[in-house]
Amino acid sequence: MYTDLELFNPQVFVQHVENERIDVFRNALKNGHEVLKERFQVGKNAINYVTQRAWFIDQILLEAWQQFCGDMNSDTIAMIAVGGYGRGELHPYSDVDLLILLEEPLEDTSKIEKLVIFLWDIRLDIGHSVRTIAECKQEATDDITVATNLIEARLLTGSSKLFQTMKTAMVPIWPIKDFFAAKIEEQRRRHQKYDDTADNLEPNIKEGPGGLRDIQMIGWVAKRHFGATTLHDLVQHGFLTEKEYQILHEGQEFLWEIRCLLHLAAERHEERLLFDFQLTLSEAYDYKDDKAGLRVEKLMKRYYLTIKKMNTLNDMLLQLFQEAILYVNMPTSVYKINKRFQIRNNFIEALHDKVFLNYPFALLEIFLLIQQYPQIKGIRATTIRLILHYNYLIDRVFRQDLRTRSLFMEIFRQPSGLTHALRRMNRYGVLPSYIPVFGKIAGQMQYDLFHVYTVDQHTLFVVRNLRRFFLAKHSIEFPFCSKLSKNIHKPELLYLAGLFHDIAKGRGGDHAKLGEIDSIDFCKLHDLSDSDARLVGWLTRNHLLMSTTVQRQDISDPDVVKTFAHQIEDPSHLDYLFLLTVADIRATNSKLWTSWKEALLTELYNKTHAMLHQGQGYVLNKQLHIQDIQKEARIILNELSHSKRINKLWEDLGDDYFLCSSPKDVAKETKAILTHADLEVPLVFERSATKGGTEFIMIYTQEKDHLFAETSYFLEQQNLTIIDAYIIPTQGKYTISGYTVVEESGKELQSKERVTEILQGLEQALIRDNDSSFNPINRRIPRQVKHFSVPTQVTFTQDHINNHTIIELITTDRPGVLSRIAQVFISCEVRIKRAKIATFGTKAEDIFFITDYENHVLYSPEQLSCISKELIASLDENMPPNSNS
């Protein structure tokens, strides 16, 4: 019998417990925790930790039971450990789950109630239930999780006969087929909750795919069906090889280590590997920052690769269990495909265990066959094992074989199944072996809040998104993209660009340029034409071009569109790039894709497409463009004659206003301004047609130097985010400005009442005679920001043609950042003509077009220095240093 007097000495404990019961128990728990923590810190032996803690808690509970329930009839009651505690596994802050099992309901439950209250008083986190066997049967029948917990029940004290009776009663409740099917469905739903990937920035080490719950799932089925007591029993039953067991055992041990470290760092029951703890854990493993990467990225790469192995073993074992449990008495249907493969009960399998050794190209052929035979549900587990074993055959000679090169391209040319094929190829190690540069990005995280998946998972999501554009069943998701897909004559080129667009991440240098080289080399190796190879390379190099243009430039300016069109060259390139851009943004971060961004990209596409089709003279002459807008606006206004009032107003508004307004906008706003009774009072209204579910607020008011500051301050006070803004001084003494806003969450304003309230409030704020100082907006900064704070950077560019200075500003995004910037502009006596607001995770990359108070370029070095110094001082104030710097 195991004893550990350092951890718990019963003789010393008993000597003191009568006099100071609560303190003695609390001190014992505290001492045990510290002893286990010190032992773990020495060698990080998680197996010892979880088993020793379970034993230690056993001793505490047994002593407490003796104190409160020791005189109860031990033949009619039992205290039972269930769940993870029943397995004899307790991590630092894991729940202690107990079942108080009764032969019959008790009339007096006061002793049990006092016991439970006492356990809470000594700060032991327990989950408990008090039930009879009949009640256990009913609960287990209604809830598979209860049945699962009871499978792992372990008697602590009391009636062993009652305990065994309960165990026997549980067996027929969930027949093994029903139990297994229910657990499979439970896992499917759980995986779906995490997007079927564990490669998230802050993964859940217990519940995510490949996590500890998946390993437990294997154990539950093994125990329920085979009576297995350890995972190694699966080797004896022929379900695991010794090598596979070692991989499973080492993976579980590593995840246990991570979980112990996580609990100890968080000092609570925490299963999410949050940024708050990733750095702490990486230090515990002595990883160092160097040219190969940040220490936290090295830890997370090990984590993601471990999870990937666990996921693969989980898939393989559950399929073997399916055959042994669900399909054992089913008739066998076998269909031979060729001399290498056959379909058995809708699963493809190798005809013999030397197939891949004799025909190495079959390591790719099998994935093509799954695409070509829709009835195939997956790869039989025995064949998965062969693929994993013979991965070493994928070498340089293999990659140069005409058969393998042809098979790979055929996989990309198939009308269906590409996404699943690539996922399987990645999971079983075929894809990273066939494309070694892809192997380098496997499990590679990007330590920021912009990219929420590892590079390899993001890449596969991009290809998935591209594929969906071509499938009729998904056409409702992005109708415009589905329409454009019909213009793509070679979809496989687009998919290859998706596969290679981030292939060079983490190497240093410009990943787009390096990726272009890799993609062209790959295309040439696979016998694509020079023009096709160049297209894939061009898409790889320019995959950020379109998103950068809409985020950082004014696409209402024809010159911007002209420059962009010159880089695109032809409509075909534009179609390919648009689809790749949408797929990439959507696969980077679900919060990045908004209807506003969709509207901007579509607008740039349409303008560029028209320009490319109608020649370089199209919409390049600003004056002709403005005349066309004014002509259409007059028709809407029913003013075909040149009204003097309209002419005067339009002359006063200036060219810039018409460049960023549609004819409908001009007509509506002209009418509003001309009918506004008191021009001393600001005119605040919304545009009727806004882009992508955003709210566009227009202001026409007398010119004032602090307009942007007052407006941005008010809007940020209302928990709104400004994503675009312009301020146009008229030829007279007025200013017309527009602000595109969404809720702080990124969603559109939900109600008309909310919009009306904001418009009225803004009008009143502008009427008030505010001074030039505002109290900072100090809402709570999200916890992630402290890990990814960005030192402020300021860059100036002089645009003499448009008579303004351009400021590119990079800083940490947080509530109130725009009003802080506006305060600096007031202090340094500059005006804002336009603002382009872009956020990438916690990094704000904003562009401001500014002038002096005379509406001219800023020439003064003193003024530029003032702006730079004050922006840095204001924006970096009270910001924590990046915890990874």
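Counting residues in segment 610-624 that are farther than 27 Å from T540 by Cβ, open to solvent by less than 70 Å² (accessible area, probe 1.4 Å) and either modelled with pLDDT of 80 or more or in a helix (DSSP H, G or I) (or both) gives one or more.
Within the span defined as segment 181-189, every residue fails to be open to solvent by 60 Å² or more (accessible area, probe 1.4 Å), farther than 22 Å from M310 by Cβ and either of a type outside the set (D, E) or at pLDDT below 90 (or both).
Please find, within segment 148-174, the residue that is surrounded by the fewest Cβ atoms within 10 Å (Cβ to Cβ) out of those that are polar (S, T, N, Q) and out of contact with any Phe, Trp or Tyr (no Cβ under 9 Å at 6 or more places or on another chain). Of everything passing the filter in segment 148-174, T168 is surrounded by the fewest Cβ atoms within 10 Å (Cβ to Cβ).
Being in contact (Cβ under 8 Å) with a residue 40 or more places away in the chain, more than 28 Å from L231 (Cα to Cα), of a type outside the set (V, I, T) and in a helix (DSSP H, G or I), is that true of even one residue in segment 323-331?
No: segment 323-331 contains no residue that is in contact (Cβ under 8 Å) with a residue 40 or more places away in the chain, more than 28 Å from L231 (Cα to Cα), of a type outside the set (V, I, T) and in a helix (DSSP H, G or I).
Against the numbered list (1) surrounded by 18 or more Cβ atoms within 10 Å (Cβ to Cβ); (2) touching a residue at least 40 places away in the same chain (Cβ under 8 Å); (3) under 29 Å from H269 (Cα atoms), Y245 comes up short only at (2). Screening the candidates L248, L240 for the property of being part of a loop (DSSP other than H, G, I, E, B) and hydrophobic (A, V, I, L, M, F, W, C) yields one hit, L240.
Taking first residues from segment 869-885 that are within 15 Å of K843 (Cα to Cα) and partners that are exposed (fewer than 15 other Cβ atoms within 10 Å of the Cβ) and modelled with pLDDT of 75 or more, the Cβ contacts under 7 Å between residues at least 6 apart in sequence or on separate chains come to D876/P791. Within segment 565-597, restricting attention to residues that are free of Cβ contacts under 8 Å to residues at least 40 places away in the same chain and surrounded by 22 or more Cβ atoms within 10 Å (Cβ to Cβ), the residue that is farthest from L499 (Cα to Cα) is L574. Scoring R552 on the criteria (1) surrounded by fewer than 21 Cβ atoms within 10 Å (Cβ to Cβ); (2) within 30 Å of K301 (Cβ to Cβ) leaves a single failure, condition (2).
When you go through D527, D521 one by one, which is the residue that is over 29 Å from the mean Cα position of the chain (by Cα), of a type outside the set (A, V, I, L, M, F, W, C), at pLDDT 95 or above and part of a loop (DSSP other than H, G, I, E, B)?
Going through D527, D521 in turn, just one is over 29 Å from the mean Cα position of the chain (by Cα), of a type outside the set (A, V, I, L, M, F, W, C), at pLDDT 95 or above and part of a loop (DSSP other than H, G, I, E, B): D527.
Okay, residues lined up against (1) in contact (Cβ under 8 Å) with a residue 24 or more places away in the chain; (2) outside any loop (DSSP other than H, G, I, E, B); (3) open to solvent by 50 Å² or more (accessible area, probe 1.4 Å):
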position	(1), (2), (3)
E651	yes, yes, yes
D656	yes, yes, yes
K671	yes, yes, yes
V681	yes, no, no
I699	yes, yes, no
E716	yes, yes, no
I728	yes, yes, no
I736	yes, yes, no
G746	yes, no, no
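Criterion applied to T197, T229 was being farther than 12 Å from F321 by Cβ, touching a residue at least 12 places away in the same chain (Cβ under 8 Å), β-branched (V, I, T) and assigned to a loop (DSSP other than H, G, I, E, B), and the one residue passing it is T197.
No other residue among L29, L36, L7 is in a loop (DSSP other than H, G, I, E, B), within 23 Å of L264 (Cβ to Cβ) and either aliphatic (A, V, I, L, M) or open to solvent by less than 20 Å² (accessible area, probe 1.4 Å) (or both) apart from L7.
Checked against the criterion of being open to solvent by 10 Å² or more (accessible area, probe 1.4 Å), of a type in the set (A, V, I, L, M) and in contact with a helix residue (DSSP H, G or I) (Cβ under 6 Å, 6 or more places away or on another chain), the candidates V437, V452 yield just one match: V437. Scanning segment 276-292 finds one or more residues that are in contact with a helix residue (DSSP H, G or I) (Cβ under 9 Å, 6 or more places away or on another chain), without any contact (Cβ under 8 Å) to a residue 12 or more places away in the chain and either open to solvent by less than 50 Å² (accessible area, probe 1.4 Å) or not charged (D, E, K, R) (or both). For segment 65-74, the criterion of a residue being closer than 30 Å to I144 by Cα, over 35 Å from the mean Cα position of the chain (by Cα) and surrounded by fewer than 16 Cβ atoms within 10 Å (Cβ to Cβ) is satisfied by at least one position.
The values are calculated or read from the model by the stated rules, or taken from the named source; none is laboratory data. Quick caveat: nothing in here was measured; it's all calculated off a predicted structure. Every residue, glycine as well, gets a Cβ built from its backbone with ideal geometry; the counts of neighbours run over all protein chains shown. Ligands, DNA and RNA are stripped out before the accessible areas are found, and what is left, the full protein with its side chains, is counted by its heavy atoms. Shrake-Rupley method; radii C 1.70, N 1.55, O 1.52, S 1.80 Å.
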